[in-house]
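Quick notes on the structure that follows.
The values are calculated or read from the model by the stated rules, or taken from the named source; none is laboratory data. None of the values given here were measured: they were computed from a predicted structure. We place every Cβ from the backbone using ideal geometry, glycine too, and count neighbours over all the protein chains shown. What goes into the accessible areas is simple: the full protein's heavy atoms, side chains included, and nothing from ligands, DNA or RNA. Shrake-Rupley method; radii C 1.70, N 1.55, O 1.52, S 1.80 Å.
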Amino acid sequence: MSGFLTKNQLLSYLQPSRAGVKPLVEDMVDAQVQIQPAGIDLSLQKIFSFETAAVLAFTQAHTTLPTYRELPFDEAGQVFLPPAPYKVLLNEIVNLPRNLVGIARPRSTLARSGVGVVTALWDPGYSGRSEIMLQVHNPHGLTITRNTRVIQLCFWELDEPLREGEAYTGRYQLENL
């Protein structure tokens, strides 16, 4: 039966079950804090400002991503962000088997702080250190700390696993590894 994975199910996916099978999520800052009743919190490693425009097309072959500039954290591990969109590199590596899809939602503290998050679907078979967009709407800005938990990634089990060769093999496979 398909549905969102619960904490006990997540814990079983976090342990490699046989040789060559990677845990569902690796490189967590603190698994005790990050594993939630129905998902896993993912955290901010690096943050970037947008420096140029992008070109989007029907195929990735004709798409050009913008350039970015990494924003440095201060000695306290913080950075101030005025209202704008930002690219965030996450700490954790996600390894989806062919029977799971990842769906991310912003942590509620971000919404209460005037900050939104834009994500995409994590396809079955995807493996990588993902990036998301953080949008600061608060007119007074936001100070954010390295390793802040920014999204909760929930996992939905498919009715049947994808067959070999049907899983994700796109442009972002193994990104940032």
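LEU134 passes all but one of (1) closer than 18 Å to LEU24 by Cα; (2) hydrophobic (A, V, I, L, M, F, W, C); (3) in contact (Cβ under 8 Å) with a residue 40 or more places away in the chain; which number fails?
Of everything listed in (1) closer than 18 Å to LEU24 by Cα; (2) hydrophobic (A, V, I, L, M, F, W, C); (3) in contact (Cβ under 8 Å) with a residue 40 or more places away in the chain, LEU134 misses just condition (1).
I'm checking my understanding of the structure. Among residues of the stretch 54-76 that are touching a residue at least 40 places away in the same chain (Cβ under 8 Å) and in a loop (DSSP other than H, G, I, E, B), which one is least open to solvent (accessible area, probe 1.4 Å)?
PHE73
All but one of (1) closer than 22 Å to MET28 by Cα; (2) open to solvent by 20 Å² or more (accessible area, probe 1.4 Å); (3) within 19 Å of the chain's Cα centre (by Cα) hold for ALA111, so report the exception by its number.
Evaluating ALA111 over (1) closer than 22 Å to MET28 by Cα; (2) open to solvent by 20 Å² or more (accessible area, probe 1.4 Å); (3) within 19 Å of the chain's Cα centre (by Cα) leaves (1) as the failure.
Does the stretch 85-108 include one or more residues that are in contact with a Cys (Cβ under 9 Å, 6 or more places away or on another chain), within 21 Å of GLN135 (Cα to Cα), hydrophobic (A, V, I, L, M, F, W, C) and open to solvent by less than 80 Å² (accessible area, probe 1.4 Å)?
Looking through the stretch 85-108, at least one residue is in contact with a Cys (Cβ under 9 Å, 6 or more places away or on another chain), within 21 Å of GLN135 (Cα to Cα), hydrophobic (A, V, I, L, M, F, W, C) and open to solvent by less than 80 Å² (accessible area, probe 1.4 Å).
Which residues, counting only those in the stretch 115-124, are open to solvent by 20 Å² or more (accessible area, probe 1.4 Å) and either in a loop (DSSP other than H, G, I, E, B) or modelled with pLDDT under 95 (or both)?
The answer is THR119, ALA120, LEU121, ASP123.
Which pairs turn up if I take residues in the stretch 90-111 that are on the phi > 0 side of the Ramachandran plot and look for partners that are surrounded by fewer than 17 Cβ atoms within 10 Å (Cβ to Cβ) with beta carbon separation below 6 Å, at least 6 apart in sequence or on another chain?
Going by the 6 Å Cβ cut-off, there are no qualifying pairs.
I'd like to verify a number: residues in the stretch 125-141 that are surrounded by fewer than 19 Cβ atoms within 10 Å (Cβ to Cβ) and within 12 Å of PRO82 (Cα to Cα), how many?
6
Could you list, in sequence order, the residues of the stretch 10-47 that are assigned to a helix (DSSP H, G or I) and either touching a residue at least 60 places away in the same chain (Cβ under 8 Å) or under 14 Å from the mean Cα position of the chain (by Cα) (or both)?
Within the stretch 10-47, LEU10, TYR13, VAL33, GLN34 meet the criteria.
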